[in-house]
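Undergrad: Pasting in a structure now, in structure tokens, and then I'll have a few things to ask.
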Amino acid sequence: MRLPWRRRESDFSAEVDAHIAHETDRLIADGMTPADAHAAARKAFGNVAAANERFYEANRWLWLDQFVGDLRYGARTLGQRPAFLATTVLTLAVALSLVTVAFTIFNAYVLRPFAVQDPGSLYRIGWRAPDSGGQEFRWRDFEDVRDQQSGVFSAVIGEHMRLVSSGGQSLSVAFVSDNYFPALAPRLLAGRGLGPMDANARAAVLSHQAWSRMFAADPSALGREIELDGRRFTVVGILAPQFTGLDEYPREVWVPYSAYAEIRPTAAGSEPPRDVEIVVRLRDGIPQPRAEGTLRPWAARMADLTKAPADLRAILLPNATANAVSMELLAVLSPVFAAFVLVLATACANVSNVMLARAVARHREIAVRLSLGATRARVVRQLLTEGLLIAVLAGAVGLAFAAWLLRAGVVALFSTLPPSLAALIRVVPLSFDYRVFLFALAVAAATTLVFALVPALQASRQRLTDALHGQRSGTRGAARLRSALVVAQVAVSLVLVVTALTLARNFTWLGALDLGYQTAGVHSINVRGEQTELVGRLTDVLAADSRIAEIAVTGGNPMFIRRRNVAVRAGSDRGQTGVKPGSNQGQAPPAVPARYTFVSPAYFSILRIPLIDGRLFTSDEARSAAPVAVVSEATARAFWPGGNAVGQTIAIERPDGRQQVDELPGYGDVTVVGVAADVASGFIVDGKDPNHIYLPVHARHPQASALLIRPRAASELRGGALQEIFRRTGLDPETFEAVPLDEMRQTQVYPLRAAAWIGGLLGAIALVLSISGLYGVLSYTLSQRTREIGIRMALGATTGAVVSLVMRQSVRLAGFGAVVGVTITFAALKFLSSLVRLKEVSLLNVAPFAAALVLVLGATALAAFHPARRATRVDPAETLRAEA
Amino acid sequence: MSTRDNRDRLVLMQGTLDVLILRTLIFGPQHGQGIARAIQQTSDDELLVDHGALYPALQRLEVQGWISAKWGTSANNRKARFYTVTKAGRAQLAKQSNRWRRLVAAMSRVLGPEPEQG
């Protein structure tokens, strides 16, 4: 290895020669004969070779020289054993690719800053009130900030994102303020960004993905037109693939905000909706709290207006990445990462195991190196270099695997998601950047230390005299280490398999759970962007369509999670039935938190929720939003145990005890008219609602925000039938979001399903790795004990006895690993179940533990089968001859 | 060779060679052999410079940045590698000389006056 700035050895030699020449000259001048002078000069200098050697070792690049030598040597050694190389590289590559995939996703959603100019100074404005919060404002609020806060913000960007139909497909469209592109300066592949000159123009910028999909990445797309809700927009720019918008939901098309006025489905005269997101760029040197302080008067102005909570304040949220890194996020993700790292650890253990076995085979070589004067550190370094070579190769292969896995994963995600949701989901580009490469390199280097260090230390610790005589001393420690590795592997795979089975069990349990209502055939329809005034318009259109059998209007459909809890108190004015036994007479009974839903009378029939007692709402009550309620069975039981709930009154309060709810004026005293069966209307994992009260509503009521429909036959709404009905409202069909309730149910348990699959995959890989590890250890000990077995057989040991010899070892290792694994899993799940209290999820269940134990122990028995059979084939005569 | 036998001369103590080289180079650029000869001469032939040890020492000083080297032609018209002391080298020399002087003074005090020779 030669570096340009490094002095060459030949230069040093030339200098030494020059020295001897000068010295000879001097000695001749002193009166010596030339021959004597030269000899004397040589003698005075001493050993030239030694000087050269010292020069070499004084060189500060010595380690690099040695490293290159080690690399060359390592590559040669590994090249001679392609099977060893392939096994170790592939084993590590599989595990590294899994970890890389996890990191790439984490990077894309959390670490990678948006590909815009100075993303670190971007903040998103949010609002908080005591029991609510959000990040949406009215356009007017945006203009207010933009015009008055230029002192603290160098740019204020407004954006409204919505899905817009385009030729039967839906596109995510960003309606942006004119400074969006100038302020962010995202990289464009072609054309230009939008600017002030595009106000009122029908100009559009396409994302790279949309361009690839809609125009097959044809450069001539520039200047062509795309259709958005029947209007034509000219493509003026195409973005580079890195930029997809300022949050984790990728936009496909950007158009000027002025175009929103054309598409916006709001009825004239109604209050403009809160649907604009505001992103600001903080000026240099202005601290975040100060900027938040300057927003206070602005927040107060907003609070004065209708529909905004009274004690509203503005906050700034960092917006450099799609999700900010926080302790909470890391806490949630750490078990996921732990599972991936466990698989990596199992793979390392496997490679370590193979290397330990190989170190035994290389015993002699290492002994020779040590006796030729290599220090132990030098031998360890050499072995570590070989490890690093394997790890770096594995890292490279792992990256390729990871790229494939990510593509396959996205395809799998879209094909397993319920279809109506798959249509809504957009995934940010999961590309590798320098962070991913650095991560892969760092992990590969770290794994080298994990899998190669111990074998290297083990191999270099030997007594030379024994080693050179062909005796293998010190292998007992290595054997113990290898057994320990197998025990650890079995334990890890058990942890993963139990976890996967527990997830799978909960998934099937939730899938079969009785929700108390029928989801089959019912479609939920929500209005996007909180424009609930459109519910009435849609209801009229639906009612006129003969294909729709039943329609119900609600204040929120079941399984669509909304925050809608109130405190409910049994009315105390109607005699003793309102007072719970044991409580003091005259004192108001305690308020109980309850879910509430506004529903039209058809709600109960469309979902087939049985009426237990009393009656349902009349259409008059619905029309007048009368203060009457249907309560759930559980609520009736809790408030009036054993008594008759019908005819009683309840009072609705804010959860903090204040009378009445702002959104529920006039519901201070509500008469119970009926009792309905219990349902699970929120998260399925929470089980049936502990309390639920229903209040009557009609389609034009401000509380009516969603619909449920049931077609006459399921086939009636196939294809784009529903879209076509939506179009009859005169609005963009993408204003409404239709999801079959069945699919909503699948969506709710989808995370569990995905986790079960991923856990299963990880568990399976860990299991395969630990089985091959066990197999390796058993085969190795068997090869060490062939002689012993031969003698045993010669002395009359039966086949059974020999098999049990091998099996005993296998059972000892697997059994110990199983005990450790079960203990760890039990403790971890016990801890987890104390944190996560979900009614319908049980983490500690015997069945997954039992199944996992059977699976893991069965697999280890399988691993022992082949070595055991080989042991029985040992020929006593052969071994005895070898002995003699 | 000079009249004195090598056995009579003082073998350099560890660490002294560096400072002697720097000191010698103060008078101007010199090549390795010249440095060795100069040290021997200025010490009145008391000090013996091991020629084999001289070059690794020069290399070390060069790596430290205290001297710089350049190939040139010597007085008797031979190619030689000439060394020059750098600014950092001068500072180092000042520091080291001071240390050595203190060490020598301290040593003398402890050893006391030279004993009378009987």
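The values are calculated or read from the model by the stated rules, or taken from the named source; none is laboratory data. Remember, predicted model here, so these are calculated numbers, not experimental data. Neighbour counts run over all protein chains shown; Cβ positions are idealised from the backbone, glycine included. What goes into the accessible areas is simple: the full protein's heavy atoms, side chains included, and nothing from ligands, DNA or RNA. Shrake-Rupley method; radii C 1.70, N 1.55, O 1.52, S 1.80 Å.
Undergrad: Starting from the Cα of B:Lys87, draw a straight line to each of the aspartates and glutamates and keep only those under 20 Å, dropping any in the same chain fewer than 8 residues away.
TA: By straight Cα distance, B:Lys87 reaches B:Asp18, B:Glu62.
Undergrad: Give the calculated FRET efficiency between A:Glu53 and B:Ser43 to the nearest 0.05, with a Förster radius of 30 Å applied to their Cβ-Cβ distance.
TA: Computed FRET efficiency for A:Glu53 and B:Ser43 comes out at 0.60.
Undergrad: Quick one: grab Rg to one decimal and Dmax as a whole number for the range A:747-799, Cα atoms only, in Å.
TA: Considering the range A:747-799 through its Cα atoms, Rg and Dmax are 21.1, 67 Å.
Undergrad: Oh, and also: Rounded to the nearest 0.05, what FRET efficiency do A:Arg378 and A:Ala190 have when you use their Cβ-Cβ distance and R0 = 56 Å?
TA: Numbers: r = 57 Å, r/R0 = 1.02.
The pair A:Arg378/A:Ala190 has a calculated efficiency of 0.45.
Undergrad: Quick one: accessible surface of A:Glu788, probe radius 1.4 Å, all protein chains present, in square angstrom to the nearest 10.
TA: Probe radius 1.4 Å; accessible area of A:Glu788 about 60 Å².
Undergrad: Tell me the angle of helix A:327-361 to the major Cα principal axis of chain A, expressed in degrees between 0 and 90 and rounded to the nearest ten.
TA: With both axes taken from Cα atoms, the answer is about 20 degrees.
Undergrad: If you don't mind, there's one more thing I want to ask. Note down the magnitude of the dipole of chain A about its Cα centre, charges +1 on Lys and Arg C-beta and -1 on Asp and Glu C-beta and zero elsewhere, to the nearest 20 debye.
TA: 3220
Undergrad: In Å, the Kirkwood hydrodynamic radius of chain A over pairs of distinct alpha carbons?
TA: Answer for chain A: a Kirkwood hydrodynamic radius of 33.8 Å.
Undergrad: Starting from the Kirkwood Rh over alpha-carbon pairs, what translational D in µm² s⁻¹ does the range A:712-776 have by Stokes-Einstein at 37 °C and 0.692 mPa s?
TA: On the way: Rh = 15.9 Å.
Taking Rh from Cα pairs, D becomes 206 µm²/s.
Undergrad: At a 1.4 Å probe, which residues in the range B:33-59 are at least 30 Å² less accessible with all protein chains present than in their chain isolated?
TA: Listed by number, the residues meeting the 30 Å² cut-off are B:Gln33, B:Arg37, B:His51, B:Gly52, B:Tyr55, B:Pro56, B:Gln59.
Undergrad: Chains B and A: what accessible area do they bury, summed, in square angstrom to the nearest 100, with a 1.4 Å probe? Please list the in-between numbers first.
TA: Numbers: alone 8620 and 41070 Å², together 47600 Å².
The summed interface area works out to 2100 Å².
Undergrad: A:Arg283's amide H: which non-local residues (gap 5+, or another chain) put their own amide H closer than 5 Å, with H modeled 1.01 Å from N in plane and none for Pro or chain starts?
TA: Excluding prolines and chain starts, which carry no amide H, the hits are A:Phe153, A:Ser154.
Undergrad: Using a loss threshold of 50 Å², tell me which positions in the range B:69-89 are less accessible in the complex than in their chain alone. Probe radius 1.4 Å, ligands and nucleic acids ignored.
TA: Going by heavy-atom accessible area, the residues of the range B:69-89 that drop by at least 50 Å² are B:Trp71, B:Arg78, B:Arg81.
Undergrad: Looking at the range A:18-50, which residues lose a minimum of 40 Å² of accessible area between their chain alone and all protein chains in place, measuring with a 1.4 Å probe and not counting ligands or nucleic acids?
TA: A:His19, A:His22, A:Asp25, A:Arg26, A:Ala44, A:Phe45
Undergrad: At A:Leu481 and A:Ala713, where each label point lies 7 Å from the Cα along Cα→Cβ, what is the point-to-point distance in nanometres?
TA: Placing both labels 7 Å along Cα→Cβ, they lie 7.3 nm apart.
Undergrad: Right, something else. Compute the distance in nm between two label points, each set 7 Å from the Cα along the Cα-to-Cβ direction, one at A:Ala400 and one at A:Asp620.
TA: About 7.9 nm, to one decimal.
Undergrad: Here's a follow-up. Run the dipole for the range A:765-884 about the Cα centre, Lys and Arg Cβ at +1, Asp and Glu Cβ at -1, nothing else charged, and hand back the magnitude in debye, nearest 20.
TA: 140
Undergrad: Taking θ = phi - 60°, what integer Hz values does the Karplus form 6.51 cos²θ - 1.76 cosθ + 1.60 yield along the range A:534-547, in sequence order, with x for Gly and Pro?
TA: 7, 4, x, 4, 5, 4, 4, 4, 5, 5, 7, 8, 6, 6
Undergrad: If amide H atoms are built 1.01 Å from N in the plane of the peptide, which residues on other chains or at least 5 residues away come under 5 Å of the amide H of A:Leu194?
TA: Result for A:Leu194 returns A:Phe181.
Undergrad: If you don't mind, there's one more thing I want to ask. Taking R0 as 30 Å, what's the FRET efficiency between A:Ala261 and A:Arg700 from their Cβ-Cβ distance, rounded to 0.05?
TA: Approximately 0.75, to the nearest 0.05.
Undergrad: Would you mind getting the accessible area per residue of chain A, heavy atoms of the protein chains only, 1.4 Å probe, in Å²? Don't skip to the end; give the middle numbers.
TA: Details: 40010 Å² over 884 residues.
Using a 1.4 Å probe on heavy atoms only, each residue of chain A averages 45 Å².
Undergrad: State the extension gain, in nm to one decimal, for the chain segment bounded by A:Arg547 and A:Leu844, taking 0.36 nm per residue of separation less the distance between their alpha-carbons.
TA: Values: separation 297, 0.36 × 297 = 106.92 nm, distance 4.74 nm.
Gain on stretching A:Arg547 to A:Leu844: 102.2 nm.
Undergrad: What accessible surface, in Å², does a 1.4 Å probe find on A:Val673, ignoring ligands, DNA and RNA and rounding to the nearest 10?
TA: Near enough 10 Å² of accessible area.
Undergrad: Here's something else I'd like to know. Check which residues have an amide H placed less than 5 Å from A:Ile315's amide H, if you skip close sequence neighbours.
TA: The answer is A:Gly126, A:Trp127, A:Arg128.
Undergrad: Another question, then. Could you please state how large a percent of the accessible area of the protein assembly as shown is carbon and sulfur, counting protein chains only and using a 1.4 Å probe?
TA: In the protein assembly as shown, the share of accessible area belonging to carbon and sulfur is 59 percent.
Undergrad: Follow-up. Please work out how many pairs of lysine residues in chain A are eight or more positions apart (or on different chains) and have Cα atoms closer than 25 angstrom.
TA: Lysine pairs, 8 or more places apart or on different chains, close enough: 4.
Undergrad: Then there is this: How many nm is it between the label spots at B:Asp50 and A:Ile791, if each spot is 7 Å from the Cα in line with the beta carbon?
TA: For B:Asp50 paired with A:Ile791, the spin-label model returns 5.6 nm.
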